[in-house]
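Taking it in order: structure first as C-alpha cells, then the write-up.
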Amino acid sequence: MKFTDVAIPLGQVWSSPFARWQGSIAEVSSIDLAVSVTSRALADREIDPSQIEGLVLGWTVPQPEIFYGAPTLAARLGAKGVSGPMVSQACATSVASLNTAAGAVMGGAGIQLVVATDRTSNGPVLSYPNPSNQGGAPVSEHWMLDNFNRDPWAGNSMIFAGEAVAKEMGATREELDELTALRWEQYAKSLANDRSLQRRYMVPIEIPRKKGELLVLEADEGVRPKELEPIGKLRPVLPDGVHTFATQTHPADGCAGAIVTTTEQARELSGGKGVVRLLGAGVARVAKSRMPMAPVPAALSALDAADKDIKDIIAVTTHNPFAVNDLYFAAQTGIAQDAINAYGSSLIFGHPQGPTGLRSIAVLVETLRERGGGLGLFTGCAAGDTGAALVLEVTD
C-alpha cells in the first residue's frame with residue numbers, strides 16, 4: 001500500500017521493555033499493560049488524549065474482557081469518545097495496525113493512536129463445543145503452545161519452517177551462531193551510556209499492585225547474553241537441525257505504540273524535531289513452511305509501493321524469530337549482516353507477538369536519527385508463510 005501524507009511525529013513511536021515469558025508481568029492483563037504504558041507515553045510527550053480522534057488496537061493473545069478492548073482502552077486513557085478497529089495478524093500485527101491507521105489518516109480521520117499489546121505468558125486454553133464428539137466432549141486449544149507447534153495449513157511447526165529454509169539455502173550451524181552473536185553485540189550497543197539509545201523510545205512499565213505497591217520494569221527482562229563460544233556448545237532443538245534455543249527468539253510480554261497523522265500535524269506535534277514519513281507497506285506469502293523467506297518479498301512489495309529501491313535504504317531492522325531469517329534476507333538483497341539491526345532485534349530482546357514490529361520500527365527510527373535521517377526499512381515474517389514490511393523516512 002502506498003501512503004500519501006502520513007507521518008509519525010519524531011519521538012512518538014515507543015515501546016515498553018519486553019518482559020520474559022512467565023516473568024514479572026505474567027499476571028498483568030495486556031489491556032492493563034497498555035493503559036500503563038500508553039498513559040505514560042502520552043504524558044511524557046505532552047499529548048492530550050482529547051486530541052486523539054481514532055484508536056487502532058493490535059493484539060494476538062486473548063485477554064479477559066478483550067471483547068471490549070478498543071473502547072475500554074480509549075476510555076481508560078481519557079479519550080472517552082474514541083474507538084476504532086482491533087487488528088490481529090500474528091507477528092505482522094504492528095505493520096497491519098500502522099497500515100490501518102494510515103488508511104484512516106488518508107481518509108481524513110484525524111490523529112490516530114496505534115497501540116499493540118500482548119501477553120504471551122499464561123495464554124488461554126480455549127474450549128470449543130463439539131456435541132458430535134464421544135460424550136459431547138469439547139475440543140480444547142492452548143492458544144500459544146498449540147499454535148507454535150502446528151501451522152494448520154502446512155501441518156508443521158515453526159521450528160520446522162526455520163530448519164527447512166536453512167537446509168534449502170545450505171546454512172550451517174556455525175553461520176547461525178555467528179549471526180546470533182553479532183545480533184547480541186549490536187543489542188549490547190543499545191545498553192551503552194546507561195541505555196541512552198533505548199531511553200529515547202522505551203517507556204517504563206508501572207503497574208499498581210495490592211497494598212499500594214507499584215510493579216516497575218524499566219529495562220528488558222529475560223535477555224540472555226548470546227556470545228559465540230557458549231552458544232556453540234548448545235544442542236540443536238531438532239536432532240538433525242541447525243537451530244538451538246539461542247538462535248531463535250523467546251516469547252515475551254510487552255506493549256508498543258505510535259501517533260499517526262498528517263505530515264503537517266506531525267510536525268506540529270513534534271515541536272520542530274522532525275517527522276517520520278510513512279511511505280509504503282507490503283505483505284507477501286511464500287511456500288508452505290517457508291516463513292523465514294517471507295520478509296524478502298514483503299520488503300520488495302513495500303519498496304515498490306513507496307517507489308524506492310533497496311539501494312536507497314540506509315537502515316534496516318527485521319523481526320527474525322530464527323537466525324536463518326537474516327541469513328536469507330542478506331543473501332537475497334546483498335545487504336551486509338552488520339548493516340541490519342544495528343541495535344539488536346527480536347532474536348535477542350524477545351517476541352511478544354503484536355508489539356514486536358513496533359518496537360523494531362522505533363529502533364529503526366532512532367538508528368536513522370543517529371545517521372542524520374533518511375530512508376529505512378522494517379520487515380519480518382508472520383505466522384504461517386507470511387511477511388510484512390514498512391518503508392519510512394526520517395526527515396525535518
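Read the figures in this text as sums done on the coordinates, not as results from a lab. The structure displayed is predicted, hence computed values, not measured ones. Methodologically, a virtual Cβ is constructed for each residue, glycine included, from the backbone with ideal geometry; neighbour enumeration extends over all protein chains shown.
Here are the numbers:
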{"item": "Those residues of segment 33-55 which are closer than 14 Å to D118 by Cα, surrounded by 23 or more Cβ atoms within 10 Å (Cβ to Cβ) and of a type in the set (A, V, I, L, M), in sequence order", "result": "L33, A34, V37"}
{"item": "Residue list for segment 116-142, filter: out of contact with any strand residue (DSSP E or B) (no Cβ under 6 Å at 6 or more places or on another chain) and part of a loop (DSSP other than H, G, I, E, B)", "result": "N122, G123, P124, P129, P131, S132, N133, A137"}
{"item": "Residues satisfying the stated conditions in segment 72-115, i.e. closer than 17 Å to V37 by Cα, part of a helix (DSSP H, G or I) and not small (G, A, S)", "result": "T72, L73, R76, L77"}
{"item": "Of all residues making up segment 359-396, the number that are assigned to a helix (DSSP H, G or I) and touching a helix residue (DSSP H, G or I) at 6+ places or on another chain (Cβ under 6 Å)", "result": "2"}
{"item": "Residue within segment 289-309 that is in contact with an Asp or Glu (Cβ under 6 Å, 6 or more places away or on another chain) and surrounded by fewer than 18 Cβ atoms within 10 Å (Cβ to Cβ) present", "result": "no"}
{"item": "Flag if I231 is closer than 30 Å to S270 by Cα, hydrophobic (A, V, I, L, M, F, W, C) and in contact with a helix residue (DSSP H, G or I) (Cβ under 6 Å, 6 or more places away or on another chain)", "result": "no"}
{"item": "Pairs where the first residue, in segment 173-188, is at negative phi and the second is surrounded by 18 or more Cβ atoms within 10 Å (Cβ to Cβ) and polar (S, T, N, Q), C-beta under 7 Å, 6+ apart", "result": "L176/T247; D177/T247; T180/T247; R183/N341; R183/S345; Q186/N341"}
{"item": "Filter result (out of contact with any Gly (no Cβ under 9 Å at 6 or more places or on another chain) and in a strand (DSSP E or B)) within segment 206-229", "result": "E206, I207, P208, L214, L215, V216"}
{"item": "Count of residues meeting criterion [surrounded by 24 or more Cβ atoms within 10 Å (Cβ to Cβ) and under 18 Å from R200 (Cβ atoms)] in segment 316-342", "result": "2"}
